[in-house]
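Structure record follows, encoded as structure tokens.
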């Protein structure tokens, strides 16, 4: 995890949950969801707003 200050800001404004979308589901989105969970937030991925790369089963592993 690379600290960006975002988790601190989200805590400061009272956020408890994050919604994620983007490219690529199985890499960037998945890693962001894991980072959010590790920081204590509920993480929700909006599947319809994501696209995947899916190299050698990477999407299945991400879910």
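Tabulated data
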read-out	value
Equivalent ellipsoid, the chain (semi-axes from 5 times Cα gyration tensor eigenvalues, Å)	23, 12, 9
Order of 54, 35 under a 10 Å beta carbon neighbour criterion, fewest first	54, 35
Structure-based [θ]222 nm, the chain - -39500 (n - 2.57) summed over DSSP H runs of at least 4, per residue, nearest 500	-8500 deg cm²/dmol
Fully extended contour minus Cα-Cα distance, from residue 27 to residue 39, at 0.36 nm per residue	2.5 nm
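Each value in this text was obtained by applying a stated rule to the coordinates, not by laboratory testing. Just so it is clear, the model here is predicted, and its values are computed rather than measured. Backbone-built Cβ (ideal geometry, glycine too); neighbour counts: all protein chains shown.
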